[in-house]
Structures are given as C-alpha cells and as structure tokens.
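First comes the structure, then the notes that go with it.
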Amino acid sequence: MQNYMKLEIPSKSVNEAFARAAVGAFAAQTDLNIDELADIKTSVSEAVTNSIIHGYRDADGTIYIECVIKSGKTCIIEVTIRDEGAGIANVERAMEPLFTTAPDEERSGMGFTVMQSFMDTLDVTSEKGRGTIVKMSKYIRSGDEAAL
Amino acid sequence: MKCEIEQAGGSLIVKLGGEIDQHCAEEIRSNIDRELDLKNSSSLIIDLGEVDFMDSSGLGLIMGRYKKMAARGGTIMLARPKPNVNRLLEMSGIKKLIGRK
Ligand SMILES: Nc1ncnc2c1ncn2[C@@H]1O[C@H](COP(=O)(O)OP(=O)(O)OP(=O)(O)O)[C@@H](O)[C@H]1O
Ligand SMILES: [Mg+2]
C-alpha cells in the first residue's frame, strides 16, 4: 500500500513548526515510535529552515513538501523538501559537519549532519540559482515484525 | 516557546520550554545576552527540562552562548534535556565541548 501528501507553504519562519508538525502527523499513521517521530520532525525542520534562510534568504518564496509512505515488511517514510531559491554551489562541502555560509548568524553548520544521522537515507540535489531538493527517508520496522 | 531568566548568586539561570527553532532562537538569544551583560554573570545554566523540540538553530544558540561565556572566562552548563533533545546534543558533540550537569 502507498499513501502520500503534498504541502505548499510560503517561506515564513512561523511555518517551520507547522511543516514539521504536519509531516509528523502524516507519518504517525505508521508504526513508528516516539524517537523515530522526533527524528523525522527534526530533519524536516532542518530542511525547511534551510530553504527559508539560505534558499530564499528571507525573501518570499514557496517551499514544496511531499511525504510518501510505502508500507511493506519495512515501512518507508519518504520526505522531499524543495525550494526554488539560491541553490548550493558545492553540495558535498555544504554537507560537511560544521560547514556554514552564515557563521555571523550563529549557525552551527549541523543541519545536514542532523538529517544524515537522524534519517536512513539523505539525497541532496541542487543547482546554483535554481534551487534545492532534499530527499530523505526513514525505515520503520513494525513492533510485530521486529519481534519475529 | 518559554524563556524565563533569573539570577542566583553569580549564575544566570535560563529556563527554556516549548519548541526551539530558527523562528524563536533570535529572541531567546537577545534575552539571554541582555541579562548576561546586565548582571555580568560568571556562569550560565540553561535548563532544558521543558523543551519538547529543538533543532540545529538551538545548537547554534548554545554554541554562541558558550563562546560568549568562554570569552569572559565564565562557564556554561546544560541541565535536564529530554531524550530527543539529548540525542541532538550528543550527536553534535556540544556536550563534550562544554561539560555536563
Ligand atoms: N535550501 C538551501 N538553499 C541554499 N543553500 C543551502 C540550502 N540548504 C543548505 N544550504 C547551504 O548549506 C550550508 C550548510 O547547511 P546546514 O543546514 O548543514 O548548516 P547551516 O544551515 O548553515 O547551520 P544550522 O543548520 O546548524 O543552523 C548552509 O550554510 C548553506 O550555505
Ligand atoms: Mg541549516
């Protein structure tokens, strides 16, 4: 079985809380535990915040969020967050722990590292001047199956 | 978001609560820094006991306050993080940097 939802929000920081709560509520139809739910909410918050502050640099823009649930032996929760903002010149470097282009704003440069360690897969596609797509997924093993 | 600040002895105690993200980090930062400068506190204790959610914006906030305290020869301590917040702190290496309570 497969299920999905799509969301479109303007790049306002007040929407960070809404975005992670909405994805969390949708993901909650699976068998995930509170730690897994927290991992997903934190990762969504990272990607959406990045789109707002780096992608659109506080200008108005639209953020597109998609969540797909693929149920099976292992349930897969896939979240895609896309913006049409500034883009990233060097994705590999941007993903290094502690790397930030905004140190004066007290950013820790840990956003991608958080997504990487809290999700099972992370895939970042970006083009300078075109925008950024962050696709990440989490594997959920149901309590029953884990016990088998 | 909740941010209550009180001075006890030479310590500034900051009680945070709710969800800490980029939307509110700046407000928390300016509240803490104002009190730190006003009271000239030698130690900063951040009580995370009522924080339900935090992302890397919170890490940036904590690292920034750590640097500020270190620059004046003071100390910073993090208290009572919930399990999900603690995992973020552990992962970031920030706890090793500042010591723990
Ligand atoms: N959607 C995006 N659009 C443009 N640039 C981005 C985007 N996401 C990330 N970046 C770039 O990648 C860098 C690293 O991102 P990361 O989230 O790891 O750290 P940060 O956002 O700088 O700091 P933190 O997340 O700890 O507050 C950013 O500083 C920025 O230059
Ligand atoms: Mg970030």
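Given the criterion within 13 Å of ligand 2 (Cβ to nearest atom) and open to solvent by 20 Å² or more (accessible area, probe 1.4 Å), identify the matching residue among A:100, A:132, A:121, A:125. I'd like the intermediate steps shown before the answer.
Values: A:132 fails: open to solvent by 20 Å² or more (accessible area, probe 1.4 Å); A:121 fails: within 13 Å of ligand 2 (Cβ to nearest atom); A:125 fails: within 13 Å of ligand 2 (Cβ to nearest atom).
None of the other options fit; the residue is A:100.
Only residues that are at the interface with chain B (Cβ under 10 Å from one of its Cβ atoms) and open to solvent by 30 Å² or more (accessible area, probe 1.4 Å): list them for the stretch A:103-115, please. Outline the logic, then answer.
The first filter runs over the stretch A:103-115 and keeps only residues at the interface with chain B (Cβ under 10 Å from one of its Cβ atoms), leaving A:103, A:105-115.
Once the filter is applied, which keeps residues that are at the interface with chain B (Cβ under 10 Å from one of its Cβ atoms) and open to solvent by 30 Å² or more (accessible area, probe 1.4 Å), the stretch A:103-115 yields A:103, A:105, A:106, A:107.
Among the numbered conditions (1) more than 14 Å from chain B (Cβ to nearest Cβ); (2) within 13 Å of ligand 1 (Cβ to nearest atom); (3) not basic (Lys, Arg), tell me where residue A:66 comes up short.
(2)
Kindly establish whether residue A:26 is without any contact (Cβ under 8 Å) to a residue 60 or more places away in the chain, of a type in the set (A, V, I, L, M, F, W, C), away from ligand 1 (no atom under 11 Å from the Cβ) and open to solvent by 50 Å² or more (accessible area, probe 1.4 Å). Break it down into steps so the answer makes sense when it comes.
On the way: without any contact (Cβ under 8 Å) to a residue 60 or more places away in the chain: yes; of a type in the set (A, V, I, L, M, F, W, C): yes; away from ligand 1 (no atom under 11 Å from the Cβ): yes; open to solvent by 50 Å² or more (accessible area, probe 1.4 Å): no.
Considered against the rule, which asks whether it is without any contact (Cβ under 8 Å) to a residue 60 or more places away in the chain, of a type in the set (A, V, I, L, M, F, W, C), away from ligand 1 (no atom under 11 Å from the Cβ) and open to solvent by 50 Å² or more (accessible area, probe 1.4 Å), residue A:26 comes out as no.
May I ask you to list the residues in the stretch A:82-95 that are within 8 Å of ligand 1 (Cβ to nearest atom) and either within 14 Å of chain B (Cβ to nearest Cβ) or out of contact with any strand residue (DSSP E or B) (no Cβ under 9 Å at 6 or more places or on another chain) (or both)?
Of everything in the stretch A:82-95, those that are within 8 Å of ligand 1 (Cβ to nearest atom) and either within 14 Å of chain B (Cβ to nearest Cβ) or out of contact with any strand residue (DSSP E or B) (no Cβ under 9 Å at 6 or more places or on another chain) (or both) turn out to be A:94, A:95.
Go through the stretch B:18-47 and give me each residue that's away from every other protein chain (no Cβ under 14 Å) and either among the basic types (Lys, Arg) or within 19 Å of residue B:80 (Cα to Cα) (or both).
Scanning the stretch B:18-47 gives B:34, B:39, B:43, B:44, B:45, B:46, B:47.
Collect the residues in the stretch A:43-56 that are open to solvent by 10 Å² or more (accessible area, probe 1.4 Å) and either farther than 20 Å from residue A:102 by Cα or facing another protein chain (nearest Cβ under 9 Å) (or both), keeping them in residue-number order.
A:53
The values are calculated or read from the model by the stated rules, or taken from the named source; none is laboratory data. Since the structure is predicted, the reported quantities are computational estimates derived from the model, not experimental observations. Cβ: placed from backbone, ideal geometry, glycine included. Neighbour counts: every protein chain shown. Heads up: the accessible areas ignore ligands, DNA and RNA and are worked out on the full protein's heavy atoms, side chains in. Shrake-Rupley method; radii C 1.70, N 1.55, O 1.52, S 1.80 Å.
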